[in-house]
């Protein structure tokens, strides 16, 4: 006797190929080139990166509270090429995660669910991240450089 739940386990990918669905979502069911999948996965990745950035902030604050030598070490690292690269990445992470969060708030309010809106806001999300990251660093160089 077959299990009636089996019918719900068969699906189609965006290219029409028939696939057997896993019991829970997994990377094999996502089309990575699809805007919705890419922005969703990036939102999760930037959330994790943001947590790592918080650890960097804690290191900086602890060094500032500890004394001049510890603070000088952190400042040296932050001003090295690797530190600046990490800070640039964290700036992009912060902007992406913030803009994606605003997009999710709009979805929570019931706006922007139609496919053209999802793709339009996805493109706006990527363009906004790049523009705001570059703008942030231009201001940083002008005012603190």
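Results, tabulated for the structure shown:
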item	result
log₁₀ of I(q)/I(0) at q = 0.10, 0.13 Å⁻¹ - the chain, Debye sum with one point per alpha carbon	-0.54, -0.77
Angle between the chain longest axis and helix 35-66 axis [Cα atoms, degrees, rounded to 10]	30
Ellipticity estimate at 222 nm from DSSP helix runs (n ≥ 4, -39,500 (n - 2.57)) divided over the chain, nearest 500	-25000 deg cm²/dmol
Highest-first arrangement of 119-129, 86-96, where packing means the average Cβ count within 10 Å	86-96, 119-129
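Read-outs throughout are calculated quantities, based only on the coordinates presented, and are distinct from any laboratory measurement. No experiment lies behind these values; they were computed from the predicted model shown. Glycine also receives a Cβ, built like all others from the backbone with ideal geometry; neighbour counts cover every protein chain displayed.
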